[in-house]
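Everything below concerns the one structure shown next.
The values are calculated or read from the model by the stated rules, or taken from the named source; none is laboratory data. Bear in mind that the values here come from a model prediction, so they are computed numbers and not experimental data. All Cβ positions, even for glycine, are placed from backbone atoms using ideal geometry, and neighbour counts span all protein chains on display.
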Amino acid sequence: MSSREDVSKFKFVQQQNPSSVTATVTPADAAGVDTAGYDSATFVVNVGSVVDLAASPLGDGSWTFRVQEAASDVNASYANITDATRIRLGVGCDATLNTSTGTFLTLDSAAHQNSVFAVGVISDKQFLRLIATAVTTPGASLLSWSCVLGRGATPVI
């Protein structure tokens, strides 16, 4: 039973619309998520069908995902978040963050298809974005992601 709503504490930002992609996806300039006024960020990745994924990780089809941050929303400003204390691995993510690259999710088996993944981000920068990297040359892959921004809970008195 739901006794209250929390939707007014959140902002939902669609960063990558559902689409069939075959190459690395990097948001364009001025397409980062502006976190001003919010104190939490969670990226939610939706994966549909991925062609050639069953042949991974050594074959075709692997995808990796990482979060980047920047003080200004210009592509050259963004840097990978590689600090494991600032990336909270959530639903379905890799067991550990790759602290060299910032990769938090690797799609490399058929079990990853038609799934939802989530990762929390702690950042002192205003702008965030998620990058999907085609590790090899996958076929058409149905991918999308959003960022959920949140405000702290209002204390109950």
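Residues checked against (1) at pLDDT 90 or above; (2) surrounded by 11 or more Cβ atoms within 10 Å (Cβ to Cβ); (3) part of a loop (DSSP other than H, G, I, E, B):
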position: Gln14; (1), (2), (3): yes, yes, no
position: Tyr38; (1), (2), (3): yes, yes, yes
position: Ser49; (1), (2), (3): no, yes, no
position: Gly59; (1), (2), (3): no, yes, yes
position: Glu69; (1), (2), (3): yes, yes, no
position: Asp73; (1), (2), (3): yes, yes, yes
So which residues in segment 92-108 are at pLDDT 90 or above and closer than 14 Å to Ile131 by Cβ, if there are any at all?
Asn98, Thr101, Gly102, Thr103, Phe104, Leu105
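So how many residues does segment 88-109 have that are more than 24 Å from Val47 (Cα to Cα) and in contact with a Cys (Cβ under 8 Å, 6 or more places away or on another chain)? Can you show your working first?
Step one: of segment 88-109, the residues more than 24 Å from Val47 (Cα to Cα) are 100.
Next cut, in contact with a Cys (Cβ under 8 Å, 6 or more places away or on another chain) only: none.
Within segment 88-109, residues that are more than 24 Å from Val47 (Cα to Cα) and in contact with a Cys (Cβ under 8 Å, 6 or more places away or on another chain) number 0.
Inside segment 21-36, can you point out the residues that are at pLDDT below 90, among the hydroxyl-bearing types (Ser, Thr, Tyr) and surrounded by 13 or more Cβ atoms within 10 Å (Cβ to Cβ)? So that I can check it myself, show each step before the final result.
Residues of segment 21-36 that are at pLDDT below 90, as a first pass: 21-31.
Keeping just the survivors that are among the hydroxyl-bearing types (Ser, Thr, Tyr) gives 22, 24, 26.
Passing the criteria: only Thr26.
Confirm whether Phe104 is aromatic (Phe, Trp, Tyr), crowded, with 18+ Cβ neighbours inside 10 Å, in contact with a strand residue (DSSP E or B) (Cβ under 9 Å, 6 or more places away or on another chain) and without any contact (Cβ under 8 Å) to a residue 40 or more places away in the chain.
Values: aromatic (Phe, Trp, Tyr): yes; crowded, with 18+ Cβ neighbours inside 10 Å: yes; in contact with a strand residue (DSSP E or B) (Cβ under 9 Å, 6 or more places away or on another chain): yes; without any contact (Cβ under 8 Å) to a residue 40 or more places away in the chain: yes.
Answer is yes for this residue.
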So is Leu53 at pLDDT below 90 and surrounded by fewer than 15 Cβ atoms within 10 Å (Cβ to Cβ) or not?
no
The one condition Ala79 fails out of (1) modelled with pLDDT under 95; (2) farther than 23 Å from Gly150 by Cβ; (3) more than 11 Å from the chain's Cα centre (by Cα) is (1)
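Quick check, is Thr85 within 18 Å of Thr42 (Cα to Cα) and either part of a loop (DSSP other than H, G, I, E, B) or touching a helix residue (DSSP H, G or I) at 6+ places or on another chain (Cβ under 8 Å) (or both)?
So Thr85 fits the description; yes.
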Scan segment 109-126 residue by residue and report those that are in a loop (DSSP other than H, G, I, E, B), touching a strand residue (DSSP E or B) at 6+ places or on another chain (Cβ under 8 Å) and closer than 29 Å to Gly139 by Cβ.
Gln113, Asn114
